[in-house]
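Have a look at the structure below, then the notes.
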Amino acid sequence: MTFTRYELTIPVELTSELHIGGVDEVPDRDGEGTVIRFCRNGLNEPTIPGRSIRGAVRAACDIARQALKGAGDPATQNGGVFSKASWVSLWGDDTDYTGRSANDRGLPSDASLPIRKSALTFHAVSFPDYKDSDSGQSPLPRRHGVGIDRTTGAASDGALYEHEFLPRGTRFDIRITAEGRDDETMKRDQSDGIPGPASSDTVKKLLEFIVNVLNSGAICLGGRTGSGQGKIRVNEPKLRRLSGTTDAGTLTTPADILNALIGQDEEGTSLPLELGGWTLEEPARITIEWWSPTGIFIAEDEKLTKQRKDEAQKKDSSANGVTEPLRDPSVPWDEAQLLIPGTSIRGALRSRASRIARTVLAARGDLEPLASHDIHEQIAHEPNLVRYMFGCTDYRGAVTVHDCRSIERGTRVEVTHNAIDRWTGGVIDGGLFTEAVYLGTEWEPIQIDIDLRRLLKNIKAEKALEDKGNPANTNEAENGSDNGKQSKATDADYAHASYVLLGLALAELAAGTLPLGSRSTRGLGQVVVSSIDIRGSAHEGAKIPTKERFGDQALEHPGTAASSPTQDRHDAQRKLAGNVLDYLREDIEGAPKWSKRLDDATEKDSTESKGEEDTHE
């Protein structure tokens, strides 16, 4: 037997915030204002566990391998370096059966599981510079958010949350060690069915494969990836061979054995990386150029506002605190640009898509009122097309909306308000507050990514649960009854319908009827979309067609601090919204029938079985 040990070091830089949740220090918390802490090690240092990196990398590599296999790449065929047998040897098990028992795998209960130790080890990454102080205070920045009650449109009770994150620009090394074994035989009877060891050649190829996949920019680490968090950029990876043997018989001295176990030297032997030829499918991307004539306001953390107010009152006791808009926390506050979190834009789109879907359901009498104010139950009972695209408590969404930062902040305006006493009609004592709004801000484009693979996976997962819970539908479809007509709709049909629903929400954004941020009832948050560009994608029959940049010159940013609405602009907004609708109607397969794929989860839960009125085709 011969073996070779490798070490792959991949320097990366965060291009967005990164959050990885740790152990909840508050048992049975209700979620009201509790900080969701970053994962920490035993030294109380923020840590990215190796399993978190491994999970994201393996999932992406599995997808990339499936794409290669679908294209007929020889490397994925029998005998290839990425054949099914080699893949299982490299990772230790079959992805389809990860975590499943012998019975789930179709094996006798006393059979040995066909697994082995993975050839790759992903090492944890710690950040001592962000270690908690002796007083227990964390230097990590925080971001807060709130869930919206679907029935009232206001903040949901108990849905205020705050989480720690590593800021954009943080640099660290992803370190992977691996071992390849050649000419090893497995002779014991107990080894039957267990994958053989990975060869040195396949291990090196997989390490190069991982670098290619990471270079594609499609891997996000940690949580909250639906709002664009966890994105990384790779900088000059390095591969080394740490140790190896050519024949077990050559280990005749203690020095030889020690070198084989721990490496011949600290530096090892540098190896060239043969990159290129492997990548991930790019998601569909919608790029929206826009600006706001009224300003966008998303308040910063209340603690920061209070801190600045206290500092101002030390100099002037009569000074009033100013609530500032949220800024990019990765740079000093004075230099930071304004920030609209991806969660805010994503939430606005989801809320409007849900409103459109529920309006359609109500018009045909299929809508049941929401019976709970619990935010998680409301999400679980949203219409099916909304869940497929944006996710629910059972699965993650297929749409990612990235953070949007300002390019130029524009003109600062401080607006002072008074709170009115509802009893006396006078000003409430202490109810004076001031907010800073920036007019004429130049913003980055809004970027929305749609993963068709994930969208189809969500549809298949939910359809499988429906068929399992109500086998009558399957029987009706097999017997050709009228109630089984809906089963004729394919997963791709549902994917197209879900995309059309998202497109309708974008049409309202283009029409100027969907505001962003807070204070929208006071006139803030108005959006003028100047152009939309759609980069298409296709997967397993589902297709989002490409639509090159379209817009209107009347909608371009005027470059002034404020701009009064004009009839020309309103006409151009309506025209742009009409162009979006034309694109959906003419380019998306089955778009006119999108509403027939629409179901209300509340209605399903309130009926024992799915009858005639649930069939929309």
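The values are calculated or read from the model by the stated rules, or taken from the named source; none is laboratory data. Just so we're clear, the structure is a prediction, and the values are computed from it rather than from any experiment. Positions of Cβ are generated from backbone atoms using ideal geometry, with glycine treated the same way; all protein chains shown enter the neighbour counts.
Just a yes or no: is a residue in region 384-393 farther than 30 Å from residue 323 by Cβ and touching a Cys at 6+ places or on another chain (Cβ under 8 Å)? For region 384-393, residues farther than 30 Å from residue 323 by Cβ and touching a Cys at 6+ places or on another chain (Cβ under 8 Å): absent. Here is a check on your reading of the model: is residue 448 within 31 Å of the chain's Cα centre (by Cα), at negative phi and not in a loop (DSSP other than H, G, I, E, B)? Spelling it out, residue 448 is indeed within 31 Å of the chain's Cα centre (by Cα), at negative phi and not in a loop (DSSP other than H, G, I, E, B). When residue 297 is tested against (1) under 27 Å from residue 416 (Cα atoms); (2) surrounded by fewer than 20 Cβ atoms within 10 Å (Cβ to Cβ), only condition (2) is not met. State which residue is surrounded by the most Cβ atoms within 10 Å (Cβ to Cβ) when the search covers only region 575-617 and only residues that are at pLDDT 90 or above and of a type in the set (Asp, Glu). Checking each candidate, the answer is 587. Among the residues of region 389-427, those identified as in a loop (DSSP other than H, G, I, E, B) and under 35 Å from the mean Cα position of the chain (by Cα) are 392, 393, 394, 395, 397, 398, 402, 403, 409, 410.
Look at region 47-68: where a residue is touching a residue at least 12 places away in the same chain (Cβ under 8 Å) and a partner is assigned to a helix (DSSP H, G or I) and crowded, with 17+ Cβ neighbours inside 10 Å, sitting 6+ places away or on another chain with Cβ atoms under 6 Å, you get 57/210; 60/213; 61/213; 64/213; 68/76.
Apart from one condition, residue 129 fits all of (1) modelled with pLDDT of 85 or more; (2) assigned to a loop (DSSP other than H, G, I, E, B); the exception is (2).
Residues in region 388-410 that are surrounded by 22 or more Cβ atoms within 10 Å (Cβ to Cβ) and among the polar types (S, T, N, Q): 400 alone.
With respect to residue 525, is the statement that it is under 28 Å from residue 292 (Cα atoms), modelled with pLDDT under 90 and crowded, with 16+ Cβ neighbours inside 10 Å true? Judged against the criteria, residue 525 is a match.
Residue count for region 422-433 under the criterion of being surrounded by 12 or more Cβ atoms within 10 Å (Cβ to Cβ) and either modelled with pLDDT of 80 or more or β-branched (Val, Ile, Thr) (or both): the result is 2. As for region 262-275, it holds at least one residue that is at pLDDT 75 or above and over 13 Å from residue 241 (Cα atoms). Select from region 363-378 the residues that are touching a residue at least 40 places away in the same chain (Cβ under 8 Å) and assigned to a helix (DSSP H, G or I) and write down the one among them that is farthest from residue 504 (Cα to Cα). Looking at residues that are touching a residue at least 40 places away in the same chain (Cβ under 8 Å) and assigned to a helix (DSSP H, G or I), I get 375.
Filtering 360, 331 for residues that are of a type in the set (Val, Ile, Thr), in a helix (DSSP H, G or I) and more than 20 Å from residue 525 (Cβ to Cβ) leaves a single hit, 360. All of (1) within 26 Å of residue 359 (Cα to Cα); (2) among the aliphatic types (A, V, I, L, M); (3) modelled with pLDDT of 90 or more hold for residue 534 with one exception: (1). Scanning region 444-461 for residues that are buried (at least 23 other Cβ atoms within 10 Å of the Cβ) and touching a Cys at 6+ places or on another chain (Cβ under 6 Å) yields a count of 1. Name the single residue, out of those in region 338-352 being within 18 Å of residue 375 (Cβ to Cβ) and out of contact with any Leu (no Cβ under 6 Å at 6 or more places or on another chain), that is surrounded by the most Cβ atoms within 10 Å (Cβ to Cβ). That would be 350.
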